[in-house]
Amino acid sequence: MNVLNSLAQASYRLLAAMRQPGRGTSWLVGILLVVTLAMSAANLLLPADSPFYVSTYTITLMGKYLCFAMLAMAVDIVWGYCGILSLGHGAFFALGGYGMGMYLMRQIGDRGVYGNPNLPDFMVFLNWQELPWYWFGMDQFWFAIFMALLVPGTLAFVFGWLAFRSRVTGVYFSIMTQALTYALMLAFFRNEMGFGGNNGLTDFKDILGFDLQADATRVALLLVTTFLVVVTFLVSRTIVQSRLGRVIVAVRDAEARTRFLGYRTEHYKVWLFVYSALIAAVAGMLYVPQVGIINPGEFSPLNSIEVVVWVAVGGRGTLYGAIVGALLVNYAKTRFTALMPDAWLFALGALFVIVTVYLPRGLAGLFGRVIELVHRRPGRGKEQTTRDDGLSVAEVGA
Amino acid sequence: MNPINHFAGQARELMRRDTTWPFLVTRRRPVDVSKNIILYLEELNVSFDGFKALNNLNLYVNDGELRCLIGANGAGKTTLMDVITGKTACDSGSAWFGQNIDLLAHDEAEIAGLGIGRKFQKPTVFEAHTVFGNLELSLKGYRGVWRALTARLSGTERDRIEEVLSVIGLEDVRYQLAGALSHGQKQWLEIGMLLAAEPRLLLVDEPVAGMTAEETERTAELLTSLAGKHTVIVVEHDMEFVRSIARTVTVLHQGSVLAEGTMDQVQNNRDVIEVYLGEDA
Ligand SMILES: Nc1ncnc2c1ncn2[C@@H]1O[C@H](COP(=O)(O)OP(=O)(O)O)[C@@H](O)[C@H]1O
Ligand SMILES: [Mg+2]
């Protein structure tokens with residue numbers, strides 16, 4: 001009885017938190033849901049020659065963008081709210097991806113080129129006789145998911161614990177995260193590691209018994225991705241709006257002050273870092289079945305830097321800015337690379353410079369300013385800019 | 001024979017019924033001030049690259065006292081606060097909080113939890129939070145990560161914040177962002193944050209820097225009213241201000257105590273006149 005009661009209380013609180021005026025960016029969630037549902041319906045229900053038909057390619061592209069949006073949120077939580085600039089989140093993303101990749105690899109069974117029911121093709125090619133110990137159990141979906149969370153989570157915990165306890169901050173921390181992802185990339189490139197070397201894991205056939213090439217599976221993957229993006233968004237928003245979130249912002253702005261108030265700032269940072277790494281890992285897990293491959297290139301330091309650009313473009317410290325930034329920049333990337341493949345990196349660099357100089361708070365900041373202008377009509381005094389819940393408009397926009 | 005005796009001795013020590021095993025002693029125990037002294041600093045030495053910022057410093061502060069620390073720039077006043085609050089490790093010496101707590105064995109967060117609050121020389125508040133939010137984060141209470149996730153502001157806590165707001169006179173700006181406050185208001189907010197944490201000992205570094213005469217006066221009133229219930233150590237340059245609040249003044253010079261006494265005694269001290277007051281007299 002008691003448990004039921006507290007469950008009801010908790011869910012009520014969650015609902016209340018989601019309904020908070022002004023802080024809510026629920027319209028974004030709504031749009032995401034409506035768009036993906038409409039796309040899915042258009043793909044499954046309409047004939048291929050209808051003008052409103054959405055191709056499976058587009059469905060998969062959208063799913064990929066949403067995985068990136070999730071990864072961007074993970075970076076925003078640590079960078080935007082806590083000032084920890086991680087340039088290595090691609091590592092957690094890729095580790096999650098490899099976990100899923102291993103599961104999908106084991107699902108192939110004897111349908112591989114060599115037809116070996118126990119060994120993935122690349123192991124047969126390397127003349128391996130049996131499965132390495134760390135591949136055991138990965139044919140079980142639940143176990144693979146568990147490992148794909150456990151490994152990045154543990155890595156983030158150990159790395160964060162060492163770094164934050166020794167009070168490594170700022171540029172030094174960023175460089176360490178780059179080194180982390182670079183080291184993992186080199187390791188995964190090696191064939192002896194048993195993760196497929198530079199080819200990575202690919203040629204997947206099905207997931208949970210569903211054919212990965214089928215339209216319905218693709219649509220289902222997109223819907224699951226959208227659902228998890230929304231859940232992550234809501235959970236993260238609840239976290240940043242709690243007192244925990246306020247402490248985290250306090251750490252960002254004045255860590256020493258926070259410490260002298262009695263907060264163990266390193267504990268806060270470590271747990272936030274682990275949470276963020278887990279989100280990145282989930283994004284990676286969703287990414288792999290949709291793009292159909294995971295290789296060591298995902299660990300490339302450049303990938304992690306790109307994520308930071310998405311967040312900067314969208315506006316850090318807002319969560320929804322990260323989603324918007326990831327979607328826009330990746331859409332631009334798809335378009336741009338189709339036209340001029342070699343110029344994308346320059347465009348990305350230019351974008352970063354422009355945003356840093358002219359839009360330090362990203363598109364979300366611009367949006368906030370527009371809202372403020374609309375609200376500030378003549379006759380409205382300064383009192384109006386503060387709200388009952390103790391948040392000023394400036395903070396809401398922030 | 002000898003090692004056996006040694007171990008037997010240790011075992012007997014472990015089995016003694018009048019002491020508690022060290023690892024069972026709770027980290028957060030109340031400070032014992034039965035001798036009426038709350039802070040013992042003895043033979044403290046701190047050096048930065050060979051430069052002695054604190055040099056065999058000895059200082060005792062009574063419980064409930066309002067103590068002023070004065071001294072020229074670079075005399076080591078801020079460094080002293082850094083040592084007490086665990087920010088700076090000292091090379092040698094001892095620092096005890098009451099009879100029972102060795103400050104040198106704790107870090108910043110633990111020391112804050114023991115009941116030592118500190119205002120920085122440069123006012124430091126959480127600029128992205130409202131005045132109210134700043135005080136909320138400072139409230140006395142548990143500081144753990146998981147507790148913070150589910151923390152709700154209780155009625156008593158809300159009342160406590162309102163009380164502090166009225167003490168520091170910032171009721172009208174409670175929902176403004178702290179970053180938008182004036183310099184003087186930030187100083188007060190930071191003092192308010194200390195009060196919200198209800199510490200036993202407050203270390204206040206240069207509270208009236210950048211304040212108008214009127215603001216200075218109100219700060220003096222506030223700090224005097226705190227003494228008794230709290231112990232307050234104030235570092236200040238403004239001699240008028242020190243004269244208006246201090247009962248006991250300690251003069252630091254080149255990292256050690258030069259003189260101690262009432263303002264008049266200190267001002268008439270020959271050494272002090274020579275090295276400090278003499279400059280602007
Ligand atoms: N972290 C540090 N590194 C090097 N020197 C320092 C450091 N902190 C303080 N000092 C030096 O120690 C001396 C005492 O400084 P401080 O305690 O800040 O003096 P004040 O009495 O003005 O507050 C100064 O000469 C200062 O330059
Ligand atoms: Mg100083």
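The values are calculated or read from the model by the stated rules, or taken from the named source; none is laboratory data. The structure displayed is predicted, hence computed values, not measured ones. Note that each Cβ is placed from the backbone with ideal geometry, even for glycine, and that neighbours are counted across all protein chains shown. What goes into the accessible areas is simple: the full protein's heavy atoms, side chains included, and nothing from ligands, DNA or RNA. Shrake-Rupley method; radii C 1.70, N 1.55, O 1.52, S 1.80 Å.
Some observations on this one:
- Sequentially through segment A:145-159, phi angles give Karplus couplings (6.51, -1.76, 1.60; θ = phi - 60°) of 4, 4, 5, 5, 9, 5, 5, x, x, 5, 4, 4, 5, 5, 4 Hz, Gly and Pro residues having no value and appearing as x.
- Shown are A:Asp253, B:Asp205, A:Asp121, A:Asp342, whose ranking by accessible area with a 1.4 Å probe and every protein chain present, most to least, is A:Asp342, A:Asp253, A:Asp121, B:Asp205.
- Rounded, prolate or oblate (a/c below 1.5 giving rounded, otherwise prolate when a/b exceeds b/c) for segment A:180-259 by Cα gyration tensor: oblate
- Pairs over the 24 Å Cα-Cα cut-off, from the set A:Lys269/A:Lys333; B:Lys35/B:Lys122; B:Lys87/B:Lys229; B:Lys119/B:Lys140; B:Lys52/B:Lys186: A:Lys269/A:Lys333; B:Lys35/B:Lys122; B:Lys87/B:Lys229; B:Lys52/B:Lys186.
- Amide H partners (placed H, <5 Å) of B:Leu252, local residues excluded: B:Ile70, B:Gly71, B:Leu258
- The C-alpha atoms of the protein assembly as shown occupy a region whose extents along the principal axes are 98, 92, 60 Å, arranged from largest to smallest.
- Rounded to 0.05, the FRET efficiency of the A:Leu339 and A:Leu45 pair, given R0 = 35 Å and the Cβ-Cβ distance, is 0.60.
- As a rough guide to protection, the peptides A:154-166, A:351-363 ranked by mean Cβ packing within 10 Å, highest first, stand as A:154-166, A:351-363.
- Taken along its three principal axes, the alpha carbon spread of segment B:139-214 comes to 43, 28, 20 Å, from the longest extent down to the shortest.
- Average partner coverage of B:140-152, which counts Cβ from other chains inside 10 Å: 5
- Table column - 3J(HN,Hα) (Hz), segment A:263-269, Karplus curve with 6.51, -1.76, 1.60, x for Gly and Pro: 8, 7, 4, 5, 5, 4, 5
- Backbone amide hydrogens, once placed in the peptide plane, bring B:Lys119 within less than 5 Å of B:Leu203, B:Val204, B:Asp205, excluding anything fewer than 5 places away on its chain.
- Difference of contour (0.36 nm per residue) and Cα-Cα distance, B:Gln121 to B:His237: 40.6 nm
- Equivalent ellipsoid semi-axes - Cα gyration tensor, segment A:100-248, angstrom: 34, 24, 12
- Fully extending the segment from A:Leu37 to A:Asp211 would add 60.6 nm, taking 0.36 nm per residue of separation and subtracting the current Cα-Cα distance.
- Convex hull projection area averaged over all views, segment B:35-280, Cα basis, nm²: 14.1 nm²
- Each Lys and Arg adds +1 at its Cβ and each Asp and Glu adds -1 at its Cβ; summed about the Cα centre, chain A shows a dipole of about 1760 debye.
- With R₀ set to 45 Å, the beta-carbon distance separating B:Leu153 from B:Asp91 gives a calculated FRET efficiency near 0.55.
- About its Cα centre, chain B has a charge dipole of approximately 1300 debye under the convention of +1 per Lys or Arg Cβ and -1 per Asp or Glu Cβ, with nothing else charged.
- Exposure ranking of A:Val35, A:Val308 by accessible area [1.4 Å probe, largest first]: A:Val35, A:Val308
- When all protein chains stay in place and ligands, DNA and RNA are ignored, the 1.4 Å accessible-area order of A:Arg252, B:Arg12, largest first, is B:Arg12, A:Arg252.
- Average partner coverage of B:131-137, which counts Cβ from other chains inside 10 Å: 4
- In Hz, Karplus ³J(HN,Hα) per residue of segment B:125-137 (6.51, -1.76, 1.60; θ = phi - 60°; x = Gly, Pro): 10, 8, 5, 7, 9, 6, 4, 4, x, 4, 5, 4, 5
- Charge context of B:Asp91, other residues only, Cβ under 14 angstrom, K/R +1, D/E -1: -3
- In nm, spacing of pseudo-spin labels at B:Ala72 and B:Asn5 (7 Å Cα→C-beta vector): 5.8 nm
- R0 of 22 Å, Cβ-Cβ distance A:Tyr53-A:Asn199: FRET efficiency to nearest 0.05: 0.05
- Area of A:Val291 that stays accessible when all protein chains are in place (1.4 Å probe, Å², to 10): 50 Å²
- Calculated P(r) tail over 40 Å for chain A, as whole % of Cα pairs: 19 percent
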